[in-house]
Amino acid sequence: MKTATKTMVAPSSASLSESGLRRKLKTRHLTMISLGGTIGTGLFLASGGAVHTAGPGGALAAYIAIGIMVYFLMTSLAEMAAYMPVSGSFSTYATKFVDPALGFALGWNYWYNWAITIAAELSAVTMIMKFWFPHSPSLLWSALCLSIMFLLNYLSVKGFGEAEYWFSLIKVATVIVFLIVSFLMIFGIMGGEAIGFKNFTIGDAPFHGGFMAMLGIFMAAGFSFQGTELLGVAAGETEDPEHSIPRAIRRVFWRILLFYVLAILAIGLLIPYTDERLANGDVTVSPFTLVFDKAGIAFAASVMNAVILTAVLSAGNSGMYASTRMLWDLAREGKAPKFLAKLDKRGVPVNALIVTSSIGTLAFLASFFGDGVVYTWLLNASGMSGFIAWLGIAISHYRFRKAYIAQGKSLDDLPYKAKWFPFGPIFAFIVCTIVILGQNYPAFIGGTIDWYGVLVSYIGLPLFIIVWLGYKFVKKTKIVPLHECDLEQK
């Protein structure tokens with residue numbers, strides 16, 4: 001095995017990417033990384049609140065709509081990533097195909113999003129462990145969790161991929177068991193009488209609260225699906241990306257839609273949306289726990305708590321990987337301090353990993369001061385970062401395809417071609433824009449505007465714009481003409 005260096009090597013190398021990163025992720029890793037990024041607390045806990053707020057029909061419609069949008073986003077990302085697999089992903093694509101300032105802002109936005117997410121997962125771990133050990137110190141569990149995530153990322157990219165594979169497998173198995181148990185109960189094969197569709201007709205179900213309630217769930221569903229774009233970040237360390245990425249994309253979409261849509265359908269059929277327990281985010285009343293309890297499965301709360309702990313570790317593990325690779329790539333392109341671009345002999349960007357872990361830890365510690373005010377603001381600022389990244393993917397793909405054709409290249413030569421262009425990126429752009437602008441629409445209705453609510457909800461948007469325009473002003477960057485877009489597969 002050749003040692004990883006910073007010298008440029010041919011992309012066809014089986015062991016090294018062009019940047020010195022090790023190509024050790026297989027298709028099964030890639031599929032599970034993307035799947036694991038989406039099946040988490042959004043499904044296990046927040047899905048109950050979605051059914052409670054918008055009714056079973058409203059929640060179902062919102063998740064289906066967001067699922068379709070995510071499909072188009074992932075095909076857009078797959079087209080670019082299969083053609084040009086780089087760890088900088090959409091930051092690099094925006095730099096090459098749109099404007100270097102946009103690439104700079106997207107890169108730092110995405111790094112910040114996941115660095116703060118690490119802090120959020122550390123907080124979640126302490127709450128989960130208190131379920132079993134109510135009097136234990138919070139710092140003990142958060143430190144242990146951080147150490148595990150750091151080591152999994154430090155050892156090698158293969159170690160990260162393998163851990164994520166098994167974390168995700170546990171979550172997928174849980175959802176499958178849940179779906180089997182649920183539908184056995186719905187049809188009366190398990191747990192007594194057949195429930196059927198009666199919970200879809202109680203009160204004003206299936207669509208409770210009208211369109212505005214569904215719009216709120218639309219946004220919650222978007223957060224649940226965030227993480228699918230990890231696949232693009234992992235492309236730079238994937239074996240045979242031209243074939244692995246399209247294969248993983250095809251598998252991931254149907255699995256995500258299947259798991260989310262069927263799980264929410266099952267929750268809506270088995271638990272009346274009027275049940276107040278659905279609105280509670282506690283693991284003891286997770287919709288999954290409620291259904292398993294109803295089926296007479298012993299220790300349902302403890303089992304689901306263990307699964308949710310796995311989900312949290314998985315999200316933190318993925319977050320540390322994504323933010324580290326993005327920070328490393330920013331440094332490689334001269335958009336972050338140079339020392340962050342260093343790789344060790346295993347091809348791991350250790351300095352970027354240490355800095356990212358440190359920021360996550362500082363943000364977590366901030367939750368102990370001022371009743372968590374600092375931490376709440378940090379978390380809210382990262383809230384829409386994922387949607388901004390998705391917007392960047394849609395814009396970059398639109399420009400990539402236009403530049404590809406403008407430079408006289410044949411679409412037949414693309415390793416993967418996104419269907420229905422330009423509808424896909426345009427549709428994704430419109431939906432993402434609606435979600436971003438409607439982030440906290442209740443703050444604008446009802447007599448007076450809730451300015452504090454507006455500021456807390458939308459703080460991420462002006463921060464992104466300031467970084468984008470600030471870099472543009474300092475570096476005097478311009479939108480790259482289509483004929484000058486860098487399409488070289490270095």
- Message: Given 4 °C and 1.567 mPa s, compute D for the range 271-335 with the Stokes-Einstein relation, Rh being the Kirkwood radius over Cα pairs; round to the nearest whole µm²/s.
- Response: 90 µm²/s
- Message: Multiplying the sequence separation of LEU184 and PHE339 by 0.36 nm and subtracting their Cα-Cα distance, what value in nm do you get?
- Response: 50.1 nm
- Message: Considering only C-alpha atoms, what is the centroid distance from the range 181-195 to the range 259-321, in Å?
- Response: 18 Å
- Query: Rounded to the nearest 0.05, what FRET efficiency do TYR441 and ASP412 have when you use their Cβ-Cβ distance and R0 = 45 Å?
  - Reply: 0.50
- Query: What accessible area per residue comes out for the range 25-473, rounded to a whole number of Å², with a 1.4 Å probe?
  - Reply: 37 Å²
- Message: If you roll a 1.4 angstrom probe over the protein chains with everything in place, what fraction of the accessible area of the chain belongs to carbon and sulfur, to the nearest %?
- Response: 70 percent
- By accessible area of protein heavy atoms, probe 1.4 Å, what ranking do ILE170, ILE395, ILE445 get, highest first? ILE445, ILE170, ILE395
- Once the piece of chain linking LEU169 and HIS483 is laid out straight, how much longer is it, given 0.36 nm per residue of separation minus the C-alpha distance between them? 108.6 nm
- Message: Taking volume of the Cα convex hull per residue in Å³ straight from the coordinates, which label in (1) 187; (2) 172; (3) 151 is the correct one?
- Response: (3)
- What is the local net charge at LYS472, summed over the other residues whose Cβ is closer than 15 Å to its Cβ (Lys, Arg +1; Asp, Glu -1)? +3
- Over 21 Å (Cα to Cα) among LYS171/LYS419; LYS96/LYS478; LYS335/LYS472; LYS335/LYS476; LYS130/LYS158; LYS338/LYS475 -> LYS171/LYS419; LYS130/LYS158
- Task: Would you rank LEU290, LEU411 by solvent-accessible area, highest first, keeping every protein chain in place and using a 1.4 Å probe?
- Result: LEU411, LEU290
- Message: Need one value: the accessible area of LYS417 in square angstrom, 1.4 angstrom probe, rounded to the nearest 10.
- Response: 100 Å²
- Note on the structure: Any DSSP H helix in the chain with Cα axial reach of 30 Å or more and mean Kyte-Doolittle score of at least 1.0? Listed by number, the hits are 46-83, 157-186, 241-270
- Task: Counting helices only, and only those DSSP H runs with n ≥ 4, report the 222 nm mean residue ellipticity of the chain as the sum of -39,500 (n - 2.57) divided by its residues, in deg cm²/dmol to the nearest 500.
- Result: -22500 deg cm²/dmol
- Rounded to two decimals, what is Rg over Rh for the range 98-198 when you use alpha-carbon atoms and the Kirkwood radius? 1.17
- Taking every other residue with Cβ under 13 Å from the Cβ of VAL291 and scoring Lys and Arg +1, Asp and Glu -1, one gets 0
- Note on the structure: Ranking PHE225, PHE464 from most to least accessible area with a 1.4 Å probe gives PHE464, PHE225
- Amide H proximity to LEU25 below 5 Å, modelled H, separation 5+ or other chain, gives THR238, GLU239
- Cα-projected label distance for MET212 with VAL350, points at 7 Å along beta-carbon direction, nm: 5.6 nm
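The values are calculated or read from the model by the stated rules, or taken from the named source; none is laboratory data. Remember, predicted model here, so these are calculated numbers, not experimental data. As a convention, Cβ positions derive from the backbone with ideal geometry for all residues, glycine included, and neighbour counts pool all protein chains shown. These accessible areas exclude ligands, DNA and RNA; they are computed on the full protein's heavy atoms, side chains included. Shrake-Rupley method; radii C 1.70, N 1.55, O 1.52, S 1.80 Å.
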